[in-house]
Every structure is written in C-alpha cells, then in structure tokens.
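Working notes, beginning with the structure itself.
The values are calculated or read from the model by the stated rules, or taken from the named source; none is laboratory data. Please read all numbers here as calculations on a predicted model, not as lab measurements. Positions of Cβ are backbone-derived with ideal geometry, glycine not excepted, and every protein chain shown enters the neighbour counts. Each accessible area value is taken on the protein alone, full model and side chains, heavy atoms only, with ligands, DNA and RNA left out. Shrake-Rupley method; radii C 1.70, N 1.55, O 1.52, S 1.80 Å.
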Amino acid sequence: MSQTSAFHTFGTRETLQADAAHWIETRLMDALARRGKASLICSGGSTPGPVYQELSAIDMDWKNVTIGLADERWVDEDNEASNARLIRQTLLQDKAAAATFLPLKTEDASPFDAESALDARYRPITSPVDVMVLGMGEDGHTLSWFADAKGLDAALDPDNPLNVAAIEAPKTKVTGPNTLRATLTLPVIARTRHILLLISGDKKRAVYQQGDRAHPVTHMRKAAGDALTIFYCN
C-alpha cells in the first residue's frame, strides 16, 4: 500500500479544500471522458462542505454524474444532521444541480428494514465507484463504521454481498442522538477507483497513523490500498 506517499499536508483548511475540489474534478472528468458517466460518493462534515460548494460551480457534464452518500443518519432531510441536506445545500447547486442524487435513506422506520432497498438503489453506482470522499472522527470511525456498533461486523465483512449495511452505533459525543445509520460496506471501498480522506487536527492524524485495528478507519485503509489519498491540515 502507498499510504505514506499519498499523505499530503496543507498549511490551511482553505488550501486543502481548494486542492480537494480540483482533485475530485480531475478524476470525475477522467471518468466522464473514458466512460461517458461518473459516480461521486460524498461524506458529511464541516470540512467537505466548502469543497462541494467549489465543485458545484465547475463546468462539466454533470447530467452524467450520479452522486451518492458514504453514510447517512436515519433522519429526515429537513433535519440539520442529514447528510443529504448538506449535499443539496452545497453540491447540488449551480452547474452541479444537473447531477443525479441518490439519497441513502428510505421511509422505513429503521435502516435494518431498508438494507435490500438501499442495496438495489446503490448497486448501479458502486460497481465500482469512481470517486469517494471520506472523513474520520477522533474515535477512529469513518463512514458510519463505529467500534462496537450493531451491524459493524456485516459492514466490514469482505464477503458481504450487500453494498449497504444498517448500523446502530453506541451513543457517544461523536454520534450524538443519531445512532441509527446506513453505511456503505467494505467491499464497496475495496473496489472504489479513487478515495480521498480528509483529516484535520493532530489528534485525528495520530489516530489514523496508529493503524490500530480497533479503529474502523484502519479497515478502510487496508481495503482501499493504493486507491487512497489523504489530505491533512492541522
């Protein structure tokens, strides 16, 4: 694996965000040129929001780009915790409004009732994903892979035939009240063409570099292999 050579450090969050937008644009444009279509999987969080805003103004063939989510809290889109809400407010604007968006939530009461439906919805764009943007928590989680979560074993199973897994995370300061989630599975990570992990702060960097298997990000790192690039700022 080439995690060391793919670790890029930035002096400010603004320069990281600008370079991240360009990094994503370049790889989407390449996919569009090669196959006439492209897929982009997004994560929530404060760091990628401005990246998505920059992307939204870029002139490309957005009508042939399908956008999905790496994970989602089991809340309605009018909830501030909704990743779909973030994507609609930042990325699906301006030129990128022409893209197709696939929410990672259904009307079911629980994500455990929706795995099959979400798998069917996401299968066309996860075989493989062209570009995926991920974040990481100080607890070492990425996507909605939380240590000791109900459903984590299925999400991390390399032989899981499903692209989407339901998660019930232990309630922590990181999860807040939204412990029910849907998340993409490890096999999706393993076949994604390009993954960009955005990290900010010394504590997160230390957690990432520990390589502790108790931290779900370590499983992502191993599955992603050479497809993984890390952008870091303090």
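Sort out which residues of region 135-178 are in a strand (DSSP E or B) and either of a type in the set (Asp, Glu) or in contact with a helix residue (DSSP H, G or I) (Cβ under 7 Å, 6 or more places away or on another chain) (or both), and write them in order of number.
Restricting attention to region 135-178, the residues satisfying the condition of being in a strand (DSSP E or B) are 142, 145, 150, 164-168.
Passing the criteria: Thr142, Trp145, Val164, Ala165, Ala166, Ile167, Glu168.
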Worksheet item: If we scan region 163-180, do we find a residue that is of a type in the set (Asp, Glu) and open to solvent by 60 Å² or more (accessible area, probe 1.4 Å)?
Response: yes
Discussion item. Only one of Thr179, Thr185, Thr229, Thr126 is more than 15 Å from the chain's Cα centre (by Cα) and of a type in the set (Val, Ile, Thr). Can you tell me which?
Written reply: Thr179
Worksheet, complete the sentence: Arg27 meets each of (1) assigned to a loop (DSSP other than H, G, I, E, B); (2) modelled with pLDDT of 95 or more; (3) over 29 Å from Pro170 (Cβ atoms); (4) open to solvent by 40 Å² or more (accessible area, probe 1.4 Å) with one exception, condition (1)
Discussion item. Return the residues of region 10-24 that are touching a residue at least 60 places away in the same chain (Cβ under 8 Å), open to solvent by 50 Å² or more (accessible area, probe 1.4 Å), in a helix (DSSP H, G or I) and under 15 Å from Asn234 (Cβ atoms); say none if nothing qualifies.
Written reply: Arg13, Thr15
Fill in: Residues located in region 102-133, provided they are of a type outside the set (Phe, Trp, Tyr), open to solvent by 10 Å² or more (accessible area, probe 1.4 Å) and either part of a helix (DSSP H, G or I) or touching a Gly at 6+ places or on another chain (Cβ under 7 Å) (or both)
Leu102, Asp113, Glu115, Ser116, Ala117, Asp119, Ala120, Arg121, Arg123, Pro124, Ile125
Worksheet entry | Which numbered condition Met60 fails, given (1) touching a residue at least 12 places away in the same chain (Cβ under 8 Å); (2) more than 30 Å from Thr9 (Cα to Cα) | (2)
Worksheet, complete the sentence: Inside region 134-145, the number of residues satisfying the requirement of being open to solvent by less than 10 Å² (accessible area, probe 1.4 Å) and more than 14 Å from the chain's Cα centre (by Cα) is 1
Practice prompt. Consider Ala33 carefully, then state whether it is out of contact with any strand residue (DSSP E or B) (no Cβ under 7 Å at 6 or more places or on another chain) and either among the acidic types (Asp, Glu) or not in a loop (DSSP other than H, G, I, E, B) (or both).
Written response: yes
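Confirm whether Ile58 is crowded, with 16+ Cβ neighbours inside 10 Å, modelled with pLDDT of 95 or more and not in a loop (DSSP other than H, G, I, E, B).
For Ile58, the condition - crowded, with 16+ Cβ neighbours inside 10 Å, modelled with pLDDT of 95 or more and not in a loop (DSSP other than H, G, I, E, B) - is not met.
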